[in-house]
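The values are calculated or read from the model by the stated rules, or taken from the named source; none is laboratory data. Source: prediction; values computed, not measured. Ideal geometry is used to build each Cβ from the backbone, glycine not excepted, and the neighbour counts take in all protein chains shown. For the accessible areas, the whole protein counts, side chains as well, though only heavy atoms, and no ligand, DNA or RNA atoms are used. Shrake-Rupley method; radii C 1.70, N 1.55, O 1.52, S 1.80 Å.
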Amino acid sequence: MQHDAIAERRNNIAPIPFEADAPFLRVIGELPRELNGTLYRNGPNPQFEAPGAHWFVGDGMLHAFHIENGRASYRNRWVRTPKWLAEHDAGRALFGGFGRKLPDAPADLTDGGVANTNIIFHAGKLLALEEAHLPTEIEPGTLATRGYHNYQGRIAGSFTAHPKIDPATGELVFFGYNAAGPLTPALSYGSIDASGKATRFERFEAPYASMVHDFIVTENHVLFPILPITGSMERAMSGKPPYAWEPDKGAYVGVMKRNGTAKDIVWFRAEACYVFHVMNAWEDGNRIIADVMQFEEAPLFPHPDGRPTDPEKSRARHCRWTFDLSGNTDRFQQTYLDDLTGEFPRIDDRRAGLKSRHGWYACANPRLPMFGALSGIVHVDGNGRRLGHYLLPTGDTISEPVFVERSKDAPEGDGWLLAVVWRARENRSDLAVFNATDVEAGPVALVQLGHRVPDGFHGNWVGAA
Ligand SMILES: [Fe+2]
């Protein structure tokens, strides 16, 4: 028992086994009165441990921090996906990883969706997202699951956890990979207008089957990164990793005009790398600039023979991609902007797809020997130069920082950052609120939970109407 407790405290990955409501949370410092709304977060929290399941495929658990008039409350709920409900009834795991059913699972059970990666609000709907399935609609107050949302049957198949909302038009732009079935090179692309109507949905072929976690959208273009965490049905069928790091395949990025079609996609090439997340991208004359968190080698996924990748190279750094659209070259440039290990980049979303002057990401502590655990926040300008840097006490970890503007017409970057912090020594979590332009000063308020929120993926703020 004591051994388990120590093992658990080395990281904050293990699931929590309960759902709770905490109506009045203790606040250290003072919550800004302008913060009125809810921070929703999502992450893997398996209901039942499945043998050999990747951390990525645990059931989604939502955590909602509601803030109003300087007070804070909390609620967490699992997303009740078909998989979650079937396993709940069975009292055990029925799926392993990536939709793979366990041998003794019922034959008619086919949906392994976990809805665990992101939660967004668009066209009046709160949607839990996970890239291999349709969005799952969630009731905002209760966090009750309403079920898959397919936009009146106009959308089918996989739907990225990282759609982009155009700040000028309110249009949501999305894609899906494995669009022709598991481990296929087909991608889908589509859009939903500000009223929630699907306006476009089509499919096209990518250079090879890969895990495509995020994409790039600017005012007039959409870019599809095909990077060599490859998918292979042949490998999967022979008991090898379905997804593996194959740098020889190289990096491709397909550039399409938003008002064009998939037939006109121009494929750019570069040295192999992997990117889970894009900070922002914009057009600059004949060029597209995209700031991403780039890994030299993929983390979390092995070589095709099962060997792990090099841990020194499987860390992400803030990196700028430059695409020359003048037709002179089919290569794109990759330039690191910092040497700090980081992930989960965010911006003031009012500048999504437009030139931005502020960005934030979670970073590792460069003074600690082991990279991996994210334990600080960096504030950068529009060229990746550090404007501020805050490190947590040793051992504590931090989530993706979510920006909330002070008011609708506040200047870019004027507002707060909300991040969930795990206090390693106490083995519980705080919601930390930072002044977004002065992260160096540390949190201006801490909302204290009695329990821990496991390290998750993504979240978003939904302001009170
Ligand atoms: Fe992500």
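Numbers below:
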item: Conditions (1) open to solvent by 30 Å² or more (accessible area, probe 1.4 Å); (2) within 16 Å of the ligand (Cβ to nearest atom); (3) at pLDDT 90 or above: number failed by residue 69; result: (2)
item: The stretch 272-288: number of residues that are assigned to a loop (DSSP other than H, G, I, E, B), open to solvent by 10 Å² or more (accessible area, probe 1.4 Å) and under 23 Å from residue 315 (Cβ atoms); result: 1
item: Yes/no for residue 440 being acidic (Asp, Glu), in contact (Cβ under 8 Å) with a residue 40 or more places away in the chain, within 16 Å of the ligand (Cβ to nearest atom) and outside any strand (DSSP E or B); result: no
item: Residue among 110, 117, 81 that is of a type in the set (S, T, N, Q) and either open to solvent by 50 Å² or more (accessible area, probe 1.4 Å) or in contact with a Lys or Arg (Cβ under 9 Å, 6 or more places away or on another chain) (or both); result: 110
item: When residues of the stretch 451-465 are limited to those that are in contact with a Leu (Cβ under 9 Å, 6 or more places away or on another chain) and in a loop (DSSP other than H, G, I, E, B), the one farthest from the ligand (Cβ to nearest atom); result: 453
item: From 298, 364, residue being of a type in the set (A, V, I, L, M), closer than 30 Å to residue 391 by Cα, at pLDDT below 95 and within 16 Å of the ligand (Cβ to nearest atom); result: 298
item: Scope the stretch 165-185; condition closer than 30 Å to residue 241 by Cα and either open to solvent by less than 50 Å² (accessible area, probe 1.4 Å) or of a type in the set (A, V, I, L, M, F, W, C) (or both); matching residues; result: 174, 175, 176, 177, 178, 179, 180, 181, 183, 184, 185
item: Looking only at the stretch 206-221, and only at residues there that are in a loop (DSSP other than H, G, I, E, B) and more than 15 Å from the ligand (Cβ to nearest atom), the one that is most open to solvent (accessible area, probe 1.4 Å); result: 219
item: Filter result for residue 75 (open to solvent by 10 Å² or more (accessible area, probe 1.4 Å), more than 29 Å from residue 181 (Cβ to Cβ) and part of a strand (DSSP E or B)); result: yes
item: Tally of residues being of a type outside the set (Val, Ile, Thr), within 28 Å of residue 230 (Cβ to Cβ) and touching a Ser or Thr at 6+ places or on another chain (Cβ under 8 Å) across the stretch 167-184; result: 7
item: Failed item in (1) open to solvent by less than 50 Å² (accessible area, probe 1.4 Å); (2) in contact (Cβ under 8 Å) with a residue 40 or more places away in the chain; (3) hydroxyl-bearing (Ser, Thr, Tyr), with residue 336 passing the rest; result: (1)
item: Residue 268, sole failed condition from (1) in a strand (DSSP E or B); (2) without any contact (Cβ under 8 Å) to a residue 40 or more places away in the chain; result: (2)
item: Yes/no for residue 159 being farther than 26 Å from residue 64 by Cβ, open to solvent by less than 20 Å² (accessible area, probe 1.4 Å) and within 16 Å of the ligand (Cβ to nearest atom); result: no
item: Strands (runs of 3 or more DSSP E) fully within the stretch 336-385 counting 1 or more residues that are within 16 Å of residue 276 (Cα to Cα) and not aliphatic (A, V, I, L, M); result: 342-347, 358-363
item: Search result, residues across the stretch 108-132 that are within 15 Å of the ligand (Cβ to nearest atom) and assigned to a loop (DSSP other than H, G, I, E, B); result: 114, 115, 116, 117, 130, 131, 132
item: Every residue from the stretch 374-395 that is of a type outside the set (Lys, Arg) and open to solvent by 50 Å² or more (accessible area, probe 1.4 Å); result: 383, 387, 393, 394
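Okay, residues lined up against (1) open to solvent by 30 Å² or more (accessible area, probe 1.4 Å); (2) polar (S, T, N, Q); (3) under 20 Å from the mean Cα position of the chain (by Cα):
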residue: 445; (1), (2), (3): no, no, no
residue: 448; (1), (2), (3): yes, yes, no
residue: 453; (1), (2), (3): no, no, yes
residue: 458; (1), (2), (3): no, no, yes
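Yes/no per residue for (1) open to solvent by 10 Å² or more (accessible area, probe 1.4 Å); (2) within 16 Å of the ligand (Cβ to nearest atom); (3) at pLDDT 95 or above; (4) in contact with a helix residue (DSSP H, G or I) (Cβ under 6 Å, 6 or more places away or on another chain):
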{"site": "227", "(1), (2), (3), (4)": "no, yes, yes, no"}
{"site": "242", "(1), (2), (3), (4)": "yes, no, no, yes"}
{"site": "251", "(1), (2), (3), (4)": "no, no, yes, no"}
{"site": "270", "(1), (2), (3), (4)": "no, no, yes, no"}
{"site": "290", "(1), (2), (3), (4)": "no, yes, yes, no"}
{"site": "305", "(1), (2), (3), (4)": "yes, no, no, no"}
{"site": "309", "(1), (2), (3), (4)": "yes, no, no, no"}
